[in-house]
Every structure is written in structure tokens, then in C-alpha cells.
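Enquirer: I'd like to ask some things about the structure below.
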Amino acid sequence: MSEGPGSTHEHEAVQSIGVLGRSRHPDVSGCLTRLTDFAAGKGIGLRLEQHLLSSAPADATLLDLDGAPVDLLIALGGDGTLLRAGRLAAGKGVPVVGINIGHLGFLTALPHAEMEDRLTLVLEGDYVLDRRSMLEAYMVGPDGTVGGRLLAWNDFVIHKRGEARVTRLDLRVQEGDDWQDVGSFSGDGLIVSTPTGSTGYSLSAGGPIVVSSVDCVIVTPICPHTLAMRPLVIPGTQQLTVSPLERTEDLVLTADGQVAQEFGAGAHVRIARSDVEVPLVRFSDQNFFGTLQRKLNWAARPSG
């Protein structure tokens, strides 16, 4: 997961904050108490997802982004919690900020020790919005019936459910009005990621690191059974179809490692960059290569 150069934004007063979090993380309760005190001191209303209400004051309000929009959405946790928050906020124009109480925290903008100071900067408008691209996927049945939209802003993964098993997949990309065959391969599956997701699962599978402002889609095979199949970067204007070349039993499409949808018999999946974006909060002292060096030990100089 990566950071981009950001974009300008018009500062608006923050009057309500929505909060998501990992219910079982030992640090969530303490962070929530601090966040409650901070919001009360600033005259800001908090709206919490259901499982956090038991750790909040009795007058806490339930988070409902559709019925009662908020001005800022906070994710208490690691990158997985932030990815979930981003999908919930997708298309609603709500800035999302991650407070890291996880391990890696590549996307999360601030450590929990700096929570109050950094949130004060947000209230003052002293931050940058990175508008992150998302992918959308549709299952297409053998009769051409198109299923509902599934969104991801890290990656889609096509794989067999359960233990690792080989699957055969065929790939095509759209060039204008025409479809071009990319080829087929056998392997453990396929990752289709955004630039944001390029430093996640795709990187572990040998994919390239891509700065988030690049308009592209990354296609990374998982353990292909051939030396001729390597990661592919296609323009963001193209869409991709992935078709199983064998029975689809136990074959699933996973969004951001959190939402899974099974392939029906004879179905294929169509994946493209979405018009929906996630406005991700970061700060002026944070940059892409600095995050790479700090979180992934990128290009570390030998000591001594």
C-alpha cells in the first residue's frame, strides 16, 4: 500500500466524526477514551460503529454513513481496518484517516501516540487529501447476466477457497472496443491491484511498486507454473476479464482480503478502475519514499 502526492482541498469545519475499530484489539478502548475526550473538548460529535458502543459513553451515537453523514471518518487499527473504512466511505466524499494501533500501518497516517496533535491539524485544515483510485469488479454469468458491483481499493484476488490449489485462468484486456488475449496460465491465483495495493500482497508475489498517482492497474500472477508469466501493468483506462479454464468449484474473488464472492458455474469476472475514489488524509511531513524506507526498509544504506 502506498502514498501519493495528494491534492488540494477546501477546508470545512469538522462537526462530526465517525469511528471504526478492531473490537478485540487491546489498545482500541484506550484510544477511544482519548478520542472521546478530545472530541468533547472540541465540541465535536462522535458516531461509532455498533461493537464500539459498549466502550463509549452512554450517550454515544451509532455510526450510519447513509442516514447521518459525518465530516471525517477515523479507523482505529491497522491497514485492514482502514481498508474497510475506505470501502464504507467510498463515493461519499468523506475524508478517511487511519490511527495506527496495528503492526505495519503503511496506509495509516498517524501513530496513536500522536493522535490528539495530528487530529488538531486536521481540524485546522493542515493536511493533504490523497484521492486514491479504486477497482470495481462484476461477476458475469454464462448468459451475460452481470452481477452487483464489488469495490476494492487495495486489490482483488482470484484464488481457490481453503488450502492452496492450482487453478487455470485466462486473461483478456480491452483496447478501445476490441478485446485482446493476454494468455492463460496455471498457478495459485491472480492479484489485480491498484497502485495503492502495489505494496501489499502484489509486492509479496513479485509485483512492482507503483506510486499511487500513476493511472494504472497491476496484474500479478500468484506462483505461476511457468517462467513466461510475469506481472503486468496496464493503463487505468483498460479493463480486464478473468475466466476460469476449469470447474469453478471453490473459486472465489476476494476484495481487499475481507469480502469474498464465489464464482458461479461458467462465470467470469470483469475488473476495471472505478470512478469512485477514497479521499485519504495524510500530512505534509509524510511522503511516499519516506514511508517505503520507514515501513519496508526500502533502499536502506548499509550501516557502518
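Enquirer: Quick one: is Q174 surrounded by fewer than 18 Cβ atoms within 10 Å (Cβ to Cβ), in contact (Cβ under 8 Å) with a residue 12 or more places away in the chain and closer than 17 Å to V242 by Cα? Step through it out loud before you land on a result.
Expert: Numbers: surrounded by fewer than 18 Cβ atoms within 10 Å (Cβ to Cβ): yes; in contact (Cβ under 8 Å) with a residue 12 or more places away in the chain: yes; closer than 17 Å to V242 by Cα: yes.
In short, yes.
Enquirer: Got a number for residues in region 41-77 being out of contact with any Gly (no Cβ under 6 Å at 6 or more places or on another chain), at pLDDT 85 or above and part of a loop (DSSP other than H, G, I, E, B)?
Expert: 10
Enquirer: Only one residue in G105, G80, G30 is within 20 Å of the chain's Cα centre (by Cα), at pLDDT below 90 and either outside any loop (DSSP other than H, G, I, E, B) or more than 22 Å from P195 (Cα to Cα) (or both). Which one? Break it down stepwise before answering.
Expert: Values: G105 fails: either outside any loop (DSSP other than H, G, I, E, B) or more than 22 Å from P195 (Cα to Cα) (or both); G30 fails: within 20 Å of the chain's Cα centre (by Cα).
When all the criteria are applied, what remains is G80.
Enquirer: I've got another one for you. Check off (1) at pLDDT below 90; (2) not in a loop (DSSP other than H, G, I, E, B) for S303 and give me the number that stays unchecked.
Expert: Among (1) at pLDDT below 90; (2) not in a loop (DSSP other than H, G, I, E, B), S303 violates only (2).
The rows are residues; the columns are (1) without any contact (Cβ under 8 Å) to a residue 12 or more places away in the chain; (2) outside any strand (DSSP E or B).
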position: V219; (1), (2): no, no
position: T237; (1), (2): no, yes
position: L253; (1), (2): no, no
position: A272; (1), (2): no, no
position: V278; (1), (2): no, no
position: V281; (1), (2): no, no
position: D285; (1), (2): yes, yes
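Enquirer: If I filter region 250-258 for residues that are in the same structural domain as N154 (by TED's automatic domain parsing) and more than 19 Å from the chain's Cα centre (by Cα), do I get at least one hit? Steps first, answer last, please.
Expert: Our first condition is that a residue be in the same structural domain as N154 (by TED's automatic domain parsing); within region 250-258, this holds for 250-258.
Keeping just the survivors that are more than 19 Å from the chain's Cα centre (by Cα) gives 250-251.
Within region 250-258 (the criterion being in the same structural domain as N154 (by TED's automatic domain parsing) and more than 19 Å from the chain's Cα centre (by Cα)), the answer is yes, since at least one residue qualifies.
The values are calculated or read from the model by the stated rules, or taken from the named source; none is laboratory data. Remember, predicted model here, so these are calculated numbers, not experimental data. As a convention, Cβ positions derive from the backbone with ideal geometry for all residues, glycine included, and neighbour counts pool all protein chains shown.
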